[in-house]
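Single-structure report; data block below.
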Amino acid sequence: MGQKSTKNKKDLLHLTEEDVDRLTKNTTYSKQQIQDWHQGFLRDCPNGKLDKKKFLEVYKKFYPEGKAEKFCGQVFKTFDSDDNGYIDFVEFLIAVNITSHGDVREKLRLAFDMYDMNKNGKVILCLKECFRRDEQKQMTIQCI
């Protein structure tokens with residue numbers, strides 16, 4: 001009595017058969033490739049958790065010229081699908097697969113999810129004017 005149950009706590013350092021099955025069904029990776037990715041993930045994240053700080057650190061290496069903090073935060077939230085404050089290996093590999101091998105629909109869904117800031121299924125554009133210049137024409141589009 002009084003002790004928290006660890007029954008539902010997931011072991012982040014080991015892949016279960018269920019994890020591997022889920023990843024083979026939802027990604028383009030084989031079981032061996034999944035195991036290889038998992039070993040690399042654990043080298044970078046020995047506790048099995050990719051936290052926001054580490055994610056930002058890695059992201060800045062790929063996009064050094066950009067303002068990584070703001071965009072990275074939104075990407076992190078999208079990849080952290082269970083909203084527990086870290087990206088586990090399953091979340092990581094699904095995100096890698098979509099960004100690397102996903103079809104247009106999957107990539108659009110991922111992009112939509114990144115811009116759906118409050119997770120209400122809507123993206124609101126806040127643009128006063130958008131300009132598109134042709135050779136002799138200037139077109140103004142107003143977005144509400």
Residue in segment 116-131 that is closer than 26 Å to residue 50 by Cβ and either at pLDDT 80 or above or among the acidic types (Asp, Glu) (or both) present: yes
Tabulated pairs, segment 86-100, first closer than 13 Å to residue 55 by Cβ and without any contact (Cβ under 8 Å) to a residue 24 or more places away in the chain, second open to solvent by 40 Å² or more (accessible area, probe 1.4 Å) and not acidic (Asp, Glu), C-beta under 9 angstrom, 6+ apart or interchain: 91/81; 95/81
Segment 78-88, subset crowded, with 17+ Cβ neighbours inside 10 Å and over 15 Å from residue 58 (Cβ atoms), residue farthest from the chain's Cα centre (by Cα): 88
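The values are calculated or read from the model by the stated rules, or taken from the named source; none is laboratory data. Predicted model only: the values in this text are computed from it and were never measured. Reconstructed Cβ throughout: ideal geometry from the backbone, glycine too, with neighbour counts over all protein chains shown. Heads up: the accessible areas ignore ligands, DNA and RNA and are worked out on the full protein's heavy atoms, side chains in. Shrake-Rupley method; radii C 1.70, N 1.55, O 1.52, S 1.80 Å.
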